[in-house]
Amino acid sequence: MNKLCSLSQAISRNIEDGMSVATGCGLESLIPFAAGYEIIRQKKRDLTLIAPISDIQLDQIIGAGCARKIVAAWVGNVAAGLAHNFRRAMEDGIPRPLEVEEHSNFTIGLALQAAAMGLPFLPTKTARGSDFSRADHFQPLRCPFTKEELLAVRAVKPDVAILHVQRADVEGNAHLWGNLGVTVEAARAARKVVLTCEEIVDHEVILSDPNRTLIQGFLVSSVVHVPFGSHPSPTQGFARRDDDFYFDYHKESRNREGFERWLERWVLGVKDHQEFLKRLGEERVRRLKPEGNLFSPSVSFNL
């Protein structure tokens, strides 16, 4: 089944107001920023955003007024510090108040893994004694075998997971590598998966390296060809991290007026991802492409 469509179509078909959306599941890599910008352009509202880190993507979506609730370990700017829109929303309700379900990086991974396994929770030894472990999505329990005191982490099942990968075929079978974070767990936990990818390849390419096929097509609802779709975050083999973009965003978003100017320039003032890349500039895009090759050794799959 050909699931290939435009980014605009993928977001409009799969994401409705009030849904829960997992994004930024690759930690500092493979963050689907292009899809986040399209969510903002389409003015989706009342979203629950699920992510371990997400870097500045959650901050952007919060600042655009699209988010109602955050289920995350951290919202900020890895390169620079605090996320200004998130702080304004929490302290002053600007542009709207936020509800937060707080996790550690590990417990958000457990929550997604539980949903991926069809379980209501998974136990952990971590987070016990912390302030956020008193929240409703954590419950104390005792191991039935060892009688050890543990903490149950409630499953998190997103309505949609938006994931960026290196390559996929038109059926949604995807190859990805590098720092994956909880990308695979999110793909298996979510009710729907939207894939953005650097390359669309023939199915034979996917079959040639089955161990790299970490997301299977039967999980995927839509596939979108979005080169540099993770910018400014890196995609191993295709795009390096654009540090300057992060620092510039941090300075410009320090106050509400500055963020609104940034939003108009980079998101609302461009029609789509292609126009975004034109505004970024050919020379900047060229400099962000990795130079040389670091190929893994070849292997034989003969039996």
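The values are calculated or read from the model by the stated rules, or taken from the named source; none is laboratory data. Not measured: the values here are computed from a predicted model. Positions of Cβ are backbone-derived with ideal geometry, glycine not excepted, and every protein chain shown enters the neighbour counts.
Only one of the numbered conditions (1) in contact with a Lys or Arg (Cβ under 9 Å, 6 or more places away or on another chain); (2) touching a residue at least 60 places away in the same chain (Cβ under 8 Å); (3) of a type in the set (A, V, I, L, M, F, W, C); (4) within 30 Å of Gln274 (Cα to Cα) is not met by Ala115, and that is (4). Scanning region 178-199 for residues that are of a type in the set (A, V, I, L, M, F, W, C), within 14 Å of Ser230 (Cα to Cα) and in contact with a Lys or Arg (Cβ under 7 Å, 6 or more places away or on another chain) yields a count of 1. Of all residues in region 243-259, those satisfying the criterion of being surrounded by fewer than 21 Cβ atoms within 10 Å (Cβ to Cβ) and within 23 Å of Leu7 (Cβ to Cβ) are Phe245, Tyr246. Counting only residues that are buried (at least 18 other Cβ atoms within 10 Å of the Cβ), in a loop (DSSP other than H, G, I, E, B) and modelled with pLDDT of 95 or more, region 57-82 holds 2 of them. When region 7-28 is limited to residues that are surrounded by fewer than 23 Cβ atoms within 10 Å (Cβ to Cβ) and of a type in the set (S, T, N, Q), the one that is nearest to His103 (Cα to Cα) turns out to be Ser20.
Remark: pairs (first residue in region 166-178, without any contact (Cβ under 8 Å) to a residue 12 or more places away in the chain; second residue part of a loop (DSSP other than H, G, I, E, B) and of a type in the set (Ser, Thr, Tyr); Cβ separation under 9 Å; 6+ apart in sequence or on different chains) are absent. Pairs linking a residue in region 61-84 that is among the charged types (D, E, K, R) to a residue that is part of a loop (DSSP other than H, G, I, E, B), with Cβ atoms under 9 Å and 6 or more positions apart or on different chains, are Arg68/Gly18; Arg68/Arg45; Arg68/Asp46; Arg68/Arg96; Arg68/Pro97; Arg68/Leu98; Lys69/Asp46; Lys69/Leu98.
Evaluation of Asn14 against the conditions (1) over 19 Å from Asp244 (Cα atoms); (2) in contact with a helix residue (DSSP H, G or I) (Cβ under 9 Å, 6 or more places away or on another chain) shows that the sole unmet condition is (2). Scanning region 128-183 for residues that are among the acidic types (Asp, Glu) and within 15 Å of the chain's Cα centre (by Cα) turns up just one, Asp159. May I ask you to verify whether Arg96 is closer than 28 Å to Ser221 by Cα, part of a loop (DSSP other than H, G, I, E, B) and among the basic types (Lys, Arg)? In short, no.
Touching a residue at least 12 places away in the same chain (Cβ under 8 Å), farther than 23 Å from His273 by Cβ and either of a type in the set (Val, Ile, Thr) or loosely packed, with under 15 Cβ neighbours inside 10 Å (or both), is that true of Pro140? Yes; evaluated as a whole, the condition is true for this residue.
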